[in-house]
Amino acid sequence: MFRFIRNRILGAIAVLLTAMFAVFAILTYIPGSRLGYLGIQGSGDLLDRLFTFFRTEPNLFSRYVRYTYDVITRFHFASGFRHHNLSAEILTRTRLTLLLTLIGLVFIVVVGIFMGTLAASKRGTWLDRIISVVSMLTASIPPFCLAIYLAMIFCVGLRLLPVFGYSKPINFILPTITISASALANTIQICRFEIIEELNKPYVRNLRSRGQKENVILFRHALKNALLPTIATIKEMTASIFVSTFIAEWFYAIPGIGYYLIQAINSRDYGIILACTMVIAIVIIVFNIVSDILYCIFDPKLRRSEMGAGNNV
Amino acid sequence: MFKRALKRFVRNRTALISLVIFCLIILSCLIFPLLGFNDYSSLHLDQQYAPFSLQHPFSTDNLGRDMFTRMMVGGRYTLGLSLLSTCLAVTCGTLLGMFSAYLGGVFDKAVVSVCEAVSAVPYILIVIIMEVSLGWGQGYFSLAVAIARIPSVTQTVRSSVLKLRDAEFISAAKVLGKSNWHIITRHVLRNVYSTILVRFSSTYAASIVACSVLGYLEIGISSPTPEWGRMVADYFHLIGSRGFLVFIPCLFISLSVLCVTLITHGLRDALDPKEYLHE
């Protein structure tokens, strides 16, 4: 398993470095970009000595090396403008975005699995039908439309919740719903489907014939087996959850990284676009690796095969 | 086979109704601007927020432009551009997926890993990078949306071709000495067309969302053009006083995405009898 995790991390780093080089090259050669004028001299660090030793000229590749080296060692994002203090800005904004996304994820996992189990256990009844229809509807509404409906109902119509702001917990209710709605609906559908699949299997009939309680069958047996595919679906939706986070940030004016990125695009500030892209890519890759590792731990089949492969070699 | 699928689709009432509604939306988007009742771009500052009437079925906006005509012209942009990008994405994705599954080897591995990497990134980032590098025109915009959608199509087509690759009729065609091109176009393609059709429909729904989301975030189609998502962004400051200006484009976006999603479900049920029985 350690072998698997190590390979996964190394592969992710390789992909990240290559992709970021492509992005760096594109953003450097755009007319009006200042990234082409970045220097390669730092403050006398290791990379500086290497560059002077090899007599490196400032070109695309050496600029990229300098940029990445600065990001890794000092968390410093060069932008081509002297007055930008990008690092501090990006750190606070990323923290806010991560907070939002994590709240959304927890909401998706808890509510999604609960509602899915509820719908599956009451399948065929009106409750199941309502949950299915509502989740169908929310799954196909674009996040910003949902945000507008919510704002019209709760903020303009009923005047219950605030539209803007991010300091009090009450501010996070609407963004959380906006972020998680479509992924939550998908989770409910998948979880319901998987549990119904499990409940139709012979071992459940066997348990019932032995007089096991329905709740025990549902939670201890069916849900346990249905959990893995559900988590896999949530894992695949990470990217779309981030997209909804950006939309929620833009809508509710929460100064997270997505808001910053969209602002930067509208003002054509390529330094910020590059920095935001890099941070978002890193966050997503870390998310993916963590969820892969969790998946590997939770899936007995995968765990055994990976461990077996490791032991044999 | 096709007739039976059609029969099953027609019997599915939800899918049929949503198909009719979606066709109505498309037809009215195509026809109404041609009739020339109102102009979508001319300003009438004396007619701001006109009451709902036959002349202005959806009232007028803050600059006195007729909302109905704007919605219809905007539908051409939103639905048309997303159709263009869907066609691009499905064509490229199908070709890539089929060839990578059928040929295998290094090409397959490369395609799979690139697809995995691209699909892990939010599509907004891809579209932004593409737009920034290519330009900000409408054609480039739909190309960018298409490129963000290619990996998922490729993965679906690839996995369904992989199931076919070792089928007996493929081996038979190989033994008969048919070329790879012949086998792929005549035998493989015919067996995955239902997957591709369902995928086309679901990609279309996703592209409509992508187009309107980018319009809403003000990085898609630029302002005087009445694209639906862009209209939401333009009228958003009026949400407290003139909520219907925001509500109408939102409703149209949600309605068309919902219709396409329901059509997708209907198609999947109609074309895949096994799944149909399962439900």
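Using every pair of distinct Cα positions in chain A, the Kirkwood expression returns a hydrodynamic radius of 22.7 angstrom. Once R0 is set to 41 Å, what does the formula 1/(1 + (r/R0)^6) return for the Cβ-Cβ distance between A:Val156 and B:Lys3, expressed as a FRET efficiency to the nearest 0.05? Approximately 0.20, to the nearest 0.05. Averaging the Cα positions of each part gives two centres, and for segment B:100-116 and segment A:231-269 these lie 30 Å apart. Fewest-first ordering of B:Ser53, A:Ser182, B:Ser82 by other beta carbons within 10 Å of each residue's beta carbon gives B:Ser53, A:Ser182, B:Ser82. Placing unit charges on the Cβ atoms only, positive for Lys and Arg and negative for Asp and Glu, gives segment A:193-247 a dipole magnitude near 380 debye about its Cα centre. Among B:Arg199, A:Arg159, sorting on how many other beta-carbon atoms sit within 10 Å of each Cβ, with the fewest leading, yields A:Arg159, B:Arg199. Which whole-number percentage describes the relative contact order of segment A:86-252, with Cα contacts under 8 Å and a sequence gap of 6 or more? After rounding, I find 32 percent. Label positions at A:Asp299 and B:Arg76, each projected 7 Å from the Cα along the C-beta direction, are separated by 4.9 nm. Between the residues A:Asn7, A:Asn171, B:Asn38, the greatest Cα displacement towards the positive end of the dipole of the protein assembly as shown, with unit charges on the Cβ of Lys, Arg, Asp and Glu, is found for A:Asn7. Ranking A:Leu96, A:Ala147, A:Leu137 by Cα position along the charge dipole of segment A:86-252, where only Lys, Arg, Asp and Glu carry charges on their C-beta atoms, puts A:Leu137 farthest toward the positive end.
Cross-link partners among aspartates and glutamates for B:Lys7, C-alpha distance below 19 Å, same-chain residues fewer than 8 apart left out? Correct list for B:Lys7: B:Asp269, B:Asp272, B:Glu275, B:Glu279. When both segment B:157-177 and segment B:219-262 are represented by their alpha-carbon centers, they are found 46 Å apart. Given +1 at the Cβ of Lys and Arg, -1 at the Cβ of Asp and Glu and no other charges, the dipole of the protein assembly as shown around its Cα centre is 1920 debye to the nearest 20. Taking a straight Cα-Cα cut-off under 20 Å and skipping sequence neighbours fewer than 8 places away in the same chain, the aspartates and glutamates within cross-link reach of A:Lys168 are A:Glu249. Across the protein assembly as shown, Cα-Cα pairs farther apart than 31 Å form 57% of the total.
Think of the protein assembly as shown as a dipole: +1 on every Lys or Arg Cβ, -1 on every Asp or Glu Cβ, centred on the Cα centre; then among A:Leu223, B:Ala210, A:Leu50, A:Leu223 lies furthest on the positive end. Model label sites at A:Phe75 and B:Asp46, defined 7 Å from Cα along the beta-carbon direction, differ in position by 6.2 nm.
Within the same chain, aspartates and glutamates fewer than 8 places from A:Lys213 are excluded, and of the rest, those with a Cα less than 18 Å from its Cα are A:Glu198. A Cβ-based charge dipole, computed about the Cα centre of chain B with Lys and Arg at +1 and Asp and Glu at -1, lands at about 1300 debye.
With 20 Å as the limit, write out which pairs from A:Lys201/A:Lys224; A:Lys122/A:Lys224; B:Lys3/B:Lys163 have Cα-Cα distances beyond it, or answer none.
Pairs exceeding 20 Å: B:Lys3/B:Lys163.
Placing pseudo-labels 7 Å out from each Cα toward the beta carbon at B:Val106 and A:Ile170 gives an inter-label distance of 6.4 nm.
This ranking places B:Lys109, B:Lys3 by how few other beta-carbon atoms lie within 10 Å of each, fewest first, which gives B:Lys3, B:Lys109. Taking A:Phe75, A:Phe154, A:Phe54 in turn, the Gaussian network model of chain A (Cα-Cα springs below 10 Å) assigns the largest fluctuation to A:Phe54.
Angle, helix B:123-134 long axis vs. longest principal axis of chain B, Cα atoms, 0 to 90°, nearest 10? It is inclined by approximately 80 degrees. Using C-alpha pairs under 8 Å with a sequence gap of at least 6, the mean separation divided by the residue count of chain B gives a relative contact order of 23 percent. Note on chain A: with a GNM built from Cα contacts shorter than 10 Å, the maximum mean-square fluctuation among A:Ile179, A:Ile247, A:Ile284 falls on A:Ile284.
No lab work stands behind these numbers, since they all come straight from the coordinates. Everything quoted here is computed from the prediction, not taken from an experiment. A quick note on method: Cβ atoms are made from the backbone with ideal geometry, for glycine too, and the neighbour counts reach across all protein chains shown.
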